[in-house]
Amino acid sequence: MQTMPQTVAATTIVGKEIPVKRVPVIEVKAAEKTFPNGFRALEPVDLTLKPGEFLTLIGPSGCGKSTLLGMMTNLLPASKGKLSWWGGGFEQTGTPGKTLSIVFQDATLMPWATIETNARLPLDLAGVPRPQAQERVQAALAKVGLAGFGGQLPRQLSGGMRMRVSIARALATEPDLLLMDEPFGALDEFTRNKLDADLLELWRERDLSIVFVTHSIYEAVFLSTRVVVMAARPGRISSIIDIDVPGPRDEEFRGSPRFAALCAELSRALHLASEESGNVSGGTKP
Amino acid sequence: MSQFQLSRAAALPFIGPVAVGVILLVLWQVLCTINEVPIYLFPKPTDIWSSFTTNLSGLTRASSVTLQVTLQAFLVAVVTGTAIAFLFNQSRIIEACLFPYAIILQVTPIVAISPLIIILIKDTGTALTVCAALVALFPIISNTTLGLRSVDPGLVNLFRANKASRMQTLLRLRIPSALPYFFAGLRISSGLALIGAVVAEFVAGTGGMGSGLAYEILQAGFQLNIPLMFAALGLITVIGIALFLAMSGLSNLAIGSWHESHAEGRR
């Protein structure tokens, strides 16, 4: 494990400059999770998220990937071990340069509030002045292709559009870190591919680090710069695969031999992980 | 769900329910006429109508008394019930300790305790209001408590993740989430306030006080003036329906179309 502040060579991954000499966005140090009922969700894990990285967590159900992400969101405290955000505690997040946003599995919108109000929620809670908040929300909605939908109610939108709203809500805070828990898992493949491409675009545009949980090998290869493969019972990291693809990630990349090879490699790693996993089928959630 | 059907009937054609009503009235009129049912046993709709028109001023005065008691009691119940629900929401311990006593409110028959209340409280008007409010209180407490608790756990996490304060979570999340439940409680409670007012008037009326619709019914009963009894009963029904429609309208205004119970089509 690298120690902070680390020095990363100024390499270009997916046409995006990874800045040098910066504090890791998240450092997970021997963090583990045992639930009060004795269920061991996660063995001690060490993991460092470098600035600008797109890190994907993948693995069979019960491998603790959601648990690990939950610890990163600070919604789920680690039983033992430690996490740090930009080299400090969670309380100092939310300040400029250290803003994190979460995108959940469901769109998680307030059904009574308009799209605009929903997307503005984090800014309203943080006390951002209304005109400024409004401006940022409009920009975020435009970015996810929902300009002009601000006055609608969530129920008037399709599932994919609702998911876009929740991404706009996260983007409106101008985050430095996005934590996403299977955000497109419930959508059809076509919509998911489209949202994946849009997400990559957003990630490329700005200095953004992302941790992304998924079940899909294709999604993991298409999006990530690094994939963490996890094994279950108890949850732990099985292997880490670098997805070193310098070119643009587009539909052409999806059809390329390189993509197929990476998918095969990840598939093998996943197979290995599931063989390492305890032989009880299906996840055991407390 | 009957609430759903009623609001739909109110929004769409009035024709259906009105037609059913007219058919029933005609049938009633015809059957009473054919079988020559005496007026003191079961009056015809026309008898009731003529009794209504001749006693119009008395019935109007009585209606306004009953309506006033009902509305006062309803207001008291809403304010007190909501306050209690918020108190329950503050901690599980408070709720666990006090909720059984709220249930006592619900299961105690108002007929049984209204004589006591009327004796204890000197002013009859106040006593009637208290009785009716006691009947109307429980649905507000239980529905609002349930509503304040029925918050999408995903949204709770979202608020937590954004470091929302307790107050922000209450105002922006818990209260809006509770509104549909609160309004469902209002609709039940408005009807109960009317029933409570009428029942309490019956009890108080026997003591020679009061001049509401229940008192009119009692007096008409003593005098075997059955058409007047029916006319007063009809007015109580009209007040009840009006209250229900008013609450449904209010609910539609406040909740609009965001909640499942209020949305039509697109499901």
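Each reported figure results from applying straightforward, stated rules to the coordinates on display, with no laboratory input. No experiment lies behind these values; they were computed from the predicted model shown. Because the Cβ atoms are built from the backbone with ideal geometry, glycine has one as well, and the counts that use them run over all protein chains shown.
Angle between the Cα long axis of helix B:45-54 and the longest principal axis of chain B, 0 to 90 degrees, nearest 10?
90
Can you tell me the orientation of helix B:92-107 relative to chain B, as the angle in degrees between its alpha-carbon axis and the longest Cα principal axis, to the nearest 10?
Value to nearest ten degrees: 10.
What's the longest piece of chain B with no exposed GluC sites (Glu not before Pro), counting a site as exposed if DSSP puts it in a loop and it has at most 13 other beta carbons within 10 Å?
Value returned for the longest uninterrupted segment is B:37-263.
Just tell me, in residue order, which DSSP H segments of chain A are both 15 angstrom or longer along the helix axis (alpha-carbon based) and at least 0.0 in mean Kyte-Doolittle hydropathy.
Helices passing the filter in chain A: A:115-125, A:159-172, A:257-276.
Of B:166, B:174, B:149, which is the most mobile in a GNM of chain B whose springs link Cα atoms less than 10 angstrom apart?
B:166
Report the label-to-label distance for residue A:174 and residue B:163 in nanometres (one decimal), using points 7 Å from each Cα along the Cα→Cβ vector.
1.7
Just want to confirm a number: the relative contact order over region A:110-174, from Cα pairs under 8 angstrom separated by 6+ residues, in percent.
50
Which angle between 0 and 90 degrees, to the nearest 10, do you get for helix B:213-222 versus the longest principal axis of chain B when only C-alpha atoms count?
30
Using each residue's phi in region A:86-91, evaluate 6.51 cos²θ - 1.76 cosθ + 1.60 at θ = phi - 60° and report the 3J(HN,Hα) Karplus result to the nearest Hz, with x for Gly and Pro.
6, x, x, x, 5, 4
Volume per residue, Å³, of the convex hull around the alpha-carbon atoms of region B:24-152?
Per residue, the Cα convex hull of region B:24-152 comes to 186 Å³.
Cα-based Rg of region A:110-174 per 2.2 N^0.38 Å, rounded to two decimals?
Scaled against compact globular proteins, the figure is 0.97.
Say the dipole of chain A comes from +1 at the beta carbon of Lys and Arg and -1 at that of Asp and Glu; which of A:144, A:240, A:85 then lies farthest toward its positive end?
Of the candidates, A:85 comes out farthest on the positive side.
Using 0.36 nm per residue of separation minus the Cα-Cα distance, give me the extension gain between residue B:246 and residue B:22 in nm, one decimal.
Extra length available between residue B:246 and residue B:22 comes to 78.3 nm.
Per residue Cα convex hull volume for chain B, in cubic angstrom?
So the per-residue Cα hull volume is 153 Å³.
Order these peptides, B:155-162, A:167-174, by their mean beta-carbon neighbour count within 10 angstrom, highest first.
So the peptides B:155-162, A:167-174, ranked by packing, come out A:167-174, B:155-162.
Rounded to two decimals, what is the ratio between the C-alpha radius of gyration of region B:73-224 and 2.2 N^0.38 Å?
Against the empirical 2.2 N^0.38 Å value, I get 1.29 for region B:73-224.
How large is the convex hull of the Cα atoms of chain A per residue, expressed in Å³ as a whole number?
In chain A, the Cα hull volume divided by residue count equals 135 Å³.
Quote to one decimal, in nm, the extra length available between residue B:75 and residue B:30 on full extension: 0.36 nm per residue of separation minus the C-alpha distance between them.
11.9 nm
Return the long-range amide H neighbours of residue A:54 (sequence gap of 5 or more, or a different chain), with a cut-off of under 5 Å between placed amide H atoms.
Amide H neighbours of residue A:54, under 5 Å, 5+ apart: A:210, A:225, A:226.
For region B:53-108, what are Rg and Dmax over the alpha carbons, in angstrom?
18.0, 58
Return a whole-number percent for the relative contact order of chain B, with Cα pairs under 8 Å and 6 or more residues apart as the contact set.
25
Residues of region A:85-126 with the amide nitrogen closer than 18 Å to a label point 7 Å from the Cα of residue A:206, along Cα-to-Cβ, please.
Flagged as within label range: A:86, A:93-104, A:116-126.
Enumerate the amide H contacts of residue A:108 below 5 Å, restricted to partners 5 or more residues apart or on another chain; note that Pro and chain-start residues carry no placed amide H.
Amide H neighbours of residue A:108: none.
How much of the pair distance distribution for the protein assembly as shown lies past 29 Å, counting alpha-carbon pairs only, in percent?
Tail fraction, whole percent: 65.
Only bridges whose two residues both fall in chain A count here: according to DSSP, what percent of them are antiparallel, nearest 5?
Of the beta bridges lying entirely in chain A, close to 55 percent run antiparallel.
How much FRET efficiency would the formula 1/(1 + (r/R0)^6) give for residue B:103 and residue B:211, where r is the Cβ-Cβ distance and R0 is 22 Å, rounded to 0.05?
0.05
Express in whole angstrom the spacing between the alpha-carbon centres of region A:93-131 and region B:125-162.
Region A:93-131 and region B:125-162 have Cα centres separated by 27 Å.
Averaged across the residues of B:153-166, what count of C-beta atoms belonging to other chains lies within 10 Å of each residue's C-beta?
Mean partner-chain Cβ count within 10 Å for B:153-166: 6.
Quick one: if the Förster radius is 35 Å, what FRET efficiency do residue A:23 and residue B:175 give, using the C-beta to C-beta distance and rounding to 0.05?
0.30
Have a look at the DSSP beta bridges in the protein assembly as shown and tell me what percent are antiparallel, nearest 5.
55
Of A:29/A:50; A:98/B:163; A:50/A:143, which pairs sit farther than 18 Å apart, going by alpha carbon to alpha carbon?
Going by Cα-Cα distance, A:50/A:143 fall outside the 18 Å limit.
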